[in-house]
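Read the structure below first, then the notes.
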Amino acid sequence: MSLFHPHSCSNPFISVSTDSGANPTADTNSSNDLCFKDSKQRIKKMFNQIELSVSSYDTAWVAMVPSPTSHCNPCFPACLNWLLDNQLPNGSWGPCRPHPLLIKDTLSSTLACVLALRRWGVGEEHMTKGLRFIESHFCLASDESQLTPIGFDIIFSGMVEYARDLNLNLPLRSTDIDVLFHKRDLQLRRENSKGREAYLAYVSEGIGKHQDWEMVMKYQRKNGSLFNSPSATAATLSHLPNSGCLHYLTALLDKFENAVPTLHPFHVFPRLCMLETVESLGIGQHFREEITSVLDETYRCWLQGEEEIFLDLPTCALAFRILRVNGYDVSSEALAGFAEEHFFNSLGGYLKDLDAVVELFRASQMIIHPNEQLLEKHISWTSHFLKQELSNTSKCAYKHKQNIMQKVNDALEFPHYASLERLVYRRNIVNYDVDDIRMLKSSYSSLSIGNKDFLRLAVEDFNACQSIYREELKQLERWVREKRLDKLKFARQKLAYCYFSAAATLCSPELSDARLTWAKNGVLTTVVDDFFDVGGSEDELLNLIQLVEKQDLDVSIDCCSEEVEIIYSALDNTISEIGEKAIAWQGRNIKTHVSEIWLDLLRSMLQEAQWSKEKAVPTVDEYMRNGYISFALGPIILPALYFVGPRLSEAVVKSGEYSLLFRHVSTCGRLLNDIHSFKRESMEGKLNAVSLHIIHGTNSVTEDHVNQELKHLIEERRRELHRLVLQKNDSIVPRQCKELFWKMSKVLHLFYMKDDGFTSHEMANAVNAVIHEPILVDQL
């Protein structure tokens, strides 16, 4: 990790908007290609070298530490020289990225620097200019729209008191100073708790000679620091000689030479943030080598139990979630120390750290084992806390608070199991803040957090992919007309939705064959479902099945109706096309397997039609054995598996793991559908899982009771599906293929989040967002 300094920092503002009427903006000229490559190269370098902004505030406190051999001399004179060399033209010292909302931060940093100079009797002119800045800007110290450093009221007041001890006359009115001390006293008189104790230890420099330094030492870490904070560690060392504190600060200056960041070490979290950023913006495919390196290094740190991970909630939760999602073996017990009662007795809990709670909430959703009750408890208390905070600040007008509230809202509204990749990418791109300001006791920034290169690359990649999707959709529209599927009056026309589910999950440009296979079979399953449900007679249904069984027939003779002829011709042609295309991917024709998949579906649909005609009432088990197949995911998912990369042997396709993946996702889909369609199907005299549970249950069984029972079953199957997808040991189905089952599960949960999916207005908006509406960047 290295530091970057105020005079070398720049961060132009960038805003993102959408325009449904605009043409695609993915440029193909050489200059933009070069810009694209340059952005990629700069991001690759960021993975290898984390740069963190220097903190003039923390550097000032380190500069104030006296030498252990002579209290008349500074222990770290290089820091003092840095302060003399880095005062800004307006007389202040402060954030690397000047910002109108960081005046409190600048005031705190400037006063700390003035105190350091006064402590050692140097820089008289610098002090004068600094005090002049404080005098002219102090009115903003009480401005609530300003970003407030942690502990500002205590620390600034403490520095005012220290100025008096140094006989430094501050240009502040006595009434203003009284207000400061009153705010400090209110904080110091709050009810005692372990969280408050940790907070007071963290802001030790503001308490100074009144601090209980023995209490503070309870929070010393293995590296010798207090909370990885140079300022808190320096303040402690100034009052209480300690070899650990001295070693930490000496090592810090050995590494950074003459100035320090506001926290150190800071290595695992920013690299995980970079990984999360490129993945969540949809550009992870450009950085696979770098991502693998971060994952392996993070897992090494995890196994070694490094404090940087396990003593910091956001880092621990983020590491757990990312490692688990990528198939690493990590135990949820690592999050045991962040139970509700422990959290609120910690520094983060005392400060109501929303970022930390959001990370824990998201991590706790990664339940894949039945005995992970700890994560269940975390979900319960974190969701309650976040909803409460969202309600309390829903009308906040300050942008910096709106940003974190947007993050909270997204976490609550879009659970990981119902989030489609392209929708996530778009939402994250539109909300991406290149002016991301992080605040501890002073603000800090990193080139790897909030960077316009990420945004530029993400927008260009998103729009380039979107232009491919539009061309594929046009191709599919031609296919529907050529196959005369639009002539079938009984059939719902759902091409856009079918293709949306493919494009929103199978995002990479090279997966075109998988998307087209998925979408075509999605259209055909809708047509066939409507044919068996309302469009065809029993003779026509049997005729269609016989045609698929026999194949190689004369459709003009063997089809009993025009509708059967249209459907069979489209099916036969599509099955043959998929079989031929697979040769390039698999080295063999898969037509026989695709035909078998379709026959399984047609026979299951015929069984349901016969039950309906005979008014038969199957058992719940009979219904589900047939129903998970008749839900019609087989032709959509299973042929597409052949087009995502790995070669699938007969052994894999016939394995129990393959079958179980399909059964789990199909069962989830069947039950989700039956819960949401129960009332409509009951009015039509149709049976489904809900009505059968009621029929075969006791007299006391109600619809609500059955729904709760089925939702619990859906959750169990979904988690087991996720476990199978993430499992590395004893797995023969390639991860890329397993991901398709999980992606379909996400589609289903999104479709059925509110009502019966295909009729949802929000789904139409989602289709436009993924396929039709490019993202426009107003300024780069």
**OP:** Within segment 210-245, work out how many residues are assigned to a loop (DSSP other than H, G, I, E, B), in contact with a Phe, Trp or Tyr (Cβ under 8 Å, 6 or more places away or on another chain) and closer than 19 Å to residue 264 by Cα.
**Re:** 6
Subject >> Residue satisfying all of: in segment 705-741; in contact (Cβ under 8 Å) with a residue 40 or more places away in the chain and not in a helix (DSSP H, G or I); nearest to the chain's Cα centre (by Cα) among these >> reply: 727
Original post:
Which one of these does residue 456 not meet: (1) open to solvent by less than 30 Å² (accessible area, probe 1.4 Å); (2) at pLDDT 95 or above?
Top reply: (2)
Original post:
With (1) surrounded by 14 or more Cβ atoms within 10 Å (Cβ to Cβ); (2) at pLDDT 95 or above; (3) more than 26 Å from residue 460 (Cβ to Cβ) as the list, and residue 760 as the residue in question, which single condition is left unmet?
Top reply: (2)
Subject >> Unique match (being at negative phi, of a type in the set (Asp, Glu) and at pLDDT below 90) among 58, 38 >> reply: 38
**OP:** Take segment 641-675 and flag every residue that is part of a loop (DSSP other than H, G, I, E, B), touching a residue at least 12 places away in the same chain (Cβ under 8 Å) and out of contact with any helix residue (DSSP H, G or I) (no Cβ under 8 Å at 6 or more places or on another chain).
**Re:** 655
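Looking at 337, 349, can you tell me which residue is modelled with pLDDT under 95 and crowded, with 21+ Cβ neighbours inside 10 Å? Break it down into steps so the answer makes sense when it comes.
Details: 337 fails: crowded, with 21+ Cβ neighbours inside 10 Å.
The conditions single out 349.
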Original post:
If you go through segment 138-149 one residue at a time, how many are crowded, with 18+ Cβ neighbours inside 10 Å and either modelled with pLDDT of 95 or more or among the hydrophobic types (A, V, I, L, M, F, W, C) (or both)?
Top reply: 4
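Identify all residues within segment 415-435 that are charged (D, E, K, R) and under 12 Å from the mean Cα position of the chain (by Cα); write none if there are none. Steps first, answer last, please.
Keep residues of segment 415-435 that are charged (D, E, K, R), which gives 421-422, 426-427, 433, 435.
Listed by number, the residues that qualify are 421, 427.
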**OP:** Report, by residue number, each residue of segment 289-307 that is within 20 Å of residue 364 (Cα to Cα) and either touching a Phe, Trp or Tyr at 6+ places or on another chain (Cβ under 9 Å) or surrounded by 15 or more Cβ atoms within 10 Å (Cβ to Cβ) (or both).
**Re:** 295, 298, 299, 302
Subject >> Total residues in segment 209-258, condition of a type in the set (A, V, I, L, M), within 33 Å of the chain's Cα centre (by Cα) and closer than 19 Å to residue 54 by Cβ >> reply: 2
Original post:
Can you tell me which of 654, 679 is modelled with pLDDT of 95 or more and open to solvent by 20 Å² or more (accessible area, probe 1.4 Å)?
Top reply: 654
Subject >> Members of segment 682-704 found to be open to solvent by 100 Å² or more (accessible area, probe 1.4 Å) and part of a helix (DSSP H, G or I), listed by number >> reply: 683, 704
Subject >> Failed item in (1) outside any loop (DSSP other than H, G, I, E, B); (2) open to solvent by less than 10 Å² (accessible area, probe 1.4 Å), with residue 261 passing the rest >> reply: (1)
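Looking at segment 186-200 only, could you name the residues that are at pLDDT 90 or above and open to solvent by less than 90 Å² (accessible area, probe 1.4 Å)? Can you show your working first?
So the first thing to find is which residues in segment 186-200 are at pLDDT 90 or above, and the list is 194-200.
Passing the criteria: 195, 196, 197, 198, 199, 200.
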**OP:** Would you point out which residue out of 48, 73, 29 is surrounded by fewer than 15 Cβ atoms within 10 Å (Cβ to Cβ) and modelled with pLDDT of 95 or more?
**Re:** 73
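Given the structure, is residue 470 farther than 30 Å from residue 723 by Cβ, touching a residue at least 24 places away in the same chain (Cβ under 8 Å), in the same structural domain as residue 723 (by the TED database) and open to solvent by less than 50 Å² (accessible area, probe 1.4 Å)? So that I can check it myself, show each step before the final result.
On the way: farther than 30 Å from residue 723 by Cβ: yes; touching a residue at least 24 places away in the same chain (Cβ under 8 Å): yes; in the same structural domain as residue 723 (by the TED database): yes; open to solvent by less than 50 Å² (accessible area, probe 1.4 Å): yes.
Here the answer is yes, as residue 470 does meet what is asked.
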**OP:** Working only within segment 595-613, note down all residues that are aliphatic (A, V, I, L, M) and either surrounded by 17 or more Cβ atoms within 10 Å (Cβ to Cβ) or at pLDDT below 95 (or both).
**Re:** 597, 601, 602, 605, 606, 609
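The values are calculated or read from the model by the stated rules, or taken from the named source; none is laboratory data. Keep in mind that what you see is a predicted model, and the values were worked out from it rather than measured. Positions of Cβ are generated from backbone atoms using ideal geometry, with glycine treated the same way; all protein chains shown enter the neighbour counts. Ligands, DNA and RNA are stripped out before the accessible areas are found, and what is left, the full protein with its side chains, is counted by its heavy atoms. Shrake-Rupley method; radii C 1.70, N 1.55, O 1.52, S 1.80 Å.
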